[in-house]
Amino acid sequence: MRLGISLPVFTADSRRPLEAAARAAARAVDAVFSPDHLFPPLFYPPSGPDQPALEAFTVLSAVPARHPGLGIGTLVARVTLRAPGLLAKQAAALDHLSGGRAILAIGTGDRASIPEHERFGLPFPPVRERLLLLEETALALRALFSGRAWPGGEQVPPLEGPLLPPGSPQLWVGGLSDPVLGVAARTADAWNGWGLDAGAFAAKAARLRELAGSREVRPTWGGIALVGENEPDLRRLLDRRAERGLSLDGVWTGTTEDLKEFAASLESAGASWFVVLPAGPLDRIDVISEALR
């Protein structure tokens, strides 16, 4: 199972995600990822339009220049934020810059995304349209990455390309609903289940295999984790988080031994990647990578 680190991009300090990438590279992490938000959503406190967020593709493009062997990826890029042709060009450029080590994970967004769309004047279609947009975007991206034109569909118009310089990143689809699992099963190289516990992940991975049939679509896990080296260290981190008024909703917590057990259970369920956004100070990258490597 490969290890990925989600970068801390909800900051005005551009040095912070780059320092995190340097730590990840030094620890032989396989890739670094970035979420794709215009400002931090509710599940990344402190959140709201008055909080900073660095742009995902801009941050990721800076990583290969410093760490040529490190993979880069989005987790996830929302198909409602960028026209499919622009998304294809940006993703191909990342793949070219990283020497073929890019991953483009895409998703539909959910109700937590609505404030960003309203603030920046971007349409947020009903769920049926977003699901169709997700699937057609995935198919159009696959066509353009392989040097073919996309003939057009209900949501995505014809796209001729070409993408020069060319790029063909891995294509992941992220999301938890059965319809999203179906899109991943039909179109993607991998599916990402964000924030699931081991049992829920195993159930979703089994459903993915059922929907994919003969297609190989790899399950991957992603989530936020607060990891202590031992129980006293974990308690210190939890106390600090409580003092700052930060919630633990959606955050996995445990010691490094707990983390090893959790990762092993995910791998047993078929997870090919463990992508974690470390909560707490940047040295948690070292703690997590040491535990899992």
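For region 274-279, backbone phi angles converted through the Karplus equation (6.51, -1.76, 1.60; θ = phi - 60°) give residue-by-residue couplings of 10, 10, 10, 9, x, 7 Hz, Gly and Pro being listed as x.
Normalised per residue, the accessible area of the chain is 44 Å², obtained with a 1.4 Å probe and no contribution from ligands, DNA or RNA. Label-to-label distance for residue 238 and residue 62 is 3.5 nm, based on points extended 7 Å past Cα in the beta-carbon direction.
Let a ≥ b ≥ c be the square roots of the eigenvalues of the Cα gyration tensor of region 171-257; is it rounded (a/c under 1.5), or, if not, prolate (a/b larger than b/c) or oblate? Taking the square roots of the gyration eigenvalues as a ≥ b ≥ c, region 171-257 is prolate. When a/c is below 1.5 the answer is rounded, else prolate if a/b is larger than b/c, else oblate, so apply that to region 26-165 with a ≥ b ≥ c taken from the square roots of the Cα gyration tensor eigenvalues. Since a/c reaches 1.5 but b/c is at least a/b, the shape of region 26-165 is classed as oblate.
Dividing the summed helix terms, -39500 (n - 2.57) for each DSSP H run of n ≥ 4, by the number of residues in the chain produces a 222 nm estimate of -13000 deg cm²/dmol to the nearest 500.
What the phi angles of region 282-292 give under the Karplus curve with 6.51, -1.76 and 1.60, with θ = phi - 60°, is a coupling list of 5, 5, 5, 4, 5, 4, 5, 5, 4, 5, 9 Hz, glycine and proline written as x. Using θ = phi - 60° in the Karplus curve 6.51 cos²θ - 1.76 cosθ + 1.60, the 3J(HN,Hα) couplings for region 213-223 round to x, 7, 6, 8, 10, 7, x, 9, 10, x, x Hz; x is entered for Gly and Pro.
When DSSP assigns beta bridges and you keep just the ones with both residues in the chain, what percent turn out antiparallel, to the nearest 5?
Counting DSSP beta bridges with both partners in the chain, the antiparallel share is about 5 percent.
Once you sort the root eigenvalues of the Cα gyration tensor of region 119-228 as a ≥ b ≥ c, which label holds: rounded (a/c under 1.5), prolate (a/b larger than b/c) or oblate (the other case)? Judged from the Cα gyration tensor, region 119-228 comes out prolate (a/c at least 1.5, a/b above b/c).
Report in % the part of the accessible area of region 177-293 that belongs to carbon and sulfur, leaving out ligands and nucleic acids; probe 1.4 Å.
Values: 2450 of 5140 Å².
Ligands and nucleic acids excluded, carbon and sulfur give 48 percent.
Sort 165-171, 176-182, 134-140 for me by packing, meaning the mean count of neighbouring Cβ atoms within 10 Å per residue, highest on top.
On the way: 165-171: 18.9, 176-182: 17.3, 134-140: 24.6.
Going from most to least packed, we get 134-140, 165-171, 176-182.
Sequence-distant or interchain residues sharing an amide H contact under 5 Å with residue 106, placed H: which? Those lying under 5 Å, H to H, from residue 106 are 77, 172, 173, 174. Simple rule: put +1 on each Lys or Arg Cβ and -1 on each Asp or Glu Cβ in the chain, find the dipole, and look at 138, 47, 158; the Cα lying farthest toward the positive end is 158.
Taken over the chain, the percentage of Cα pairs per 10 Å bin, counting from 0 up to the bin with the maximum distance, is 7, 28, 37, 23, 5, 1.
For residue 36, the amide hydrogen comes within under 5 Å of the amide hydrogens of 75, 76, counting only partners 5 or more places away or on other chains and with H modelled in the peptide plane.
Taking amide H as placed 1.01 Å from N in the peptide plane, the amide H of residue 2 sits under 5 Å from that of 273, 274, each at least 5 places away or on another chain.
The values are calculated or read from the model by the stated rules, or taken from the named source; none is laboratory data. A quick note: this is a predicted structure, and the numbers were derived from the prediction, not measured. Note: ideal-geometry Cβ built from the backbone for every residue, glycine included; neighbour counts use all protein chains shown. SASA here: full protein model, heavy atoms, side chains in, ligands and nucleic acids out. Shrake-Rupley method; radii C 1.70, N 1.55, O 1.52, S 1.80 Å.
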